[in-house]
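This report concerns only the one structure given below.
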Amino acid sequence: MRMKHLRVPAGTLLFAAVVACGGQDPTTARTSPAPSASKPTATSTKGASYELRRSDLPWNGTGDPYNAMVGLDDGRRVAMHHRRGKGLFEQHSGPQSDGWTRPRLIYGTKTEACQGIHLQAFGETVTVTADFGLYCSDGEPPMESIAAVSVGNLHTWDHHLTRGFDGWERVSAGDGGREITFRRGSSTLRWSRANGFSK
């Protein structure tokens, strides 16, 4: 039985701004190991036979704050969406593929998703920031702020959790995407391909 796939034009880019309020100082929670530095290969989208999933969170306004997509220079696409009571999920698709990989949980939490997934590509490096908090959709400040990075085949994601923080506002890259800096005001968080997130 053949599955129907949702077609998204290769050049489509969807961004949603991170919504944040308050003014707490960040407190670091945990860091995971740096992702593999392998180059994209033909197997990087193995199993790409799934449909693109969408967030199950209700939204009646303009824009699409619970879904995001970005295209890479090599034609691959990365999409992310929030699931109620589960967290942030990722799927990716190859340059010649209509299908998507199975949804992968990037960050699991039962806390309510704030509006906004900020997804960017720097060469073969992909970054995402997203926030979660109780009553966040009603304007309450985030309680959990995620920064995550993946390189190469996109099979592993290195993520960093900051609690009691308003979320990262800007992301910049250096050394061809081998170094990433997340910023909000005077607060910075650095990631490198060699060492992952700085302690």
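A convex hull fitted to the Cα coordinates of segment 53-199 yields 115 cubic angstrom per residue.
Per residue, the average separation of C-alpha pairs within less than 8 Å and at least 6 apart gives segment 40-199 a relative contact order of 15 percent. Normalised by the number of residues in segment 121-197, the average gap of Cα pairs under 8 Å and 6 or more apart makes the relative contact order 23 percent. Peptide packing for 163-171, 55-63 was compared via the average number of neighbouring C-beta atoms within 10 Å per residue; ordered from the highest value, the list is 163-171, 55-63.
Inter-label distance, S192 to R84: 4.4 nm, where each label sits 7 Å from its Cα along the C-beta direction. Take every Cα pair under 8 Å whose residues are at least 6 apart in sequence, average their separation, divide by the length of segment 73-146, and the relative contact order is 22 percent.
Its Cα gyration tensor gives segment 142-199 an equivalent ellipsoid. The semi-axes, each the square root of 5 times an eigenvalue, are 20, 13, 9 Å from largest down.
Only the coordinates and a few stated rules stand behind these numbers; no lab work does. Please read these numbers as outputs of a predicted model, since none were measured by experiment. All Cβ positions, even for glycine, are placed from backbone atoms using ideal geometry, and neighbour counts span all protein chains on display.
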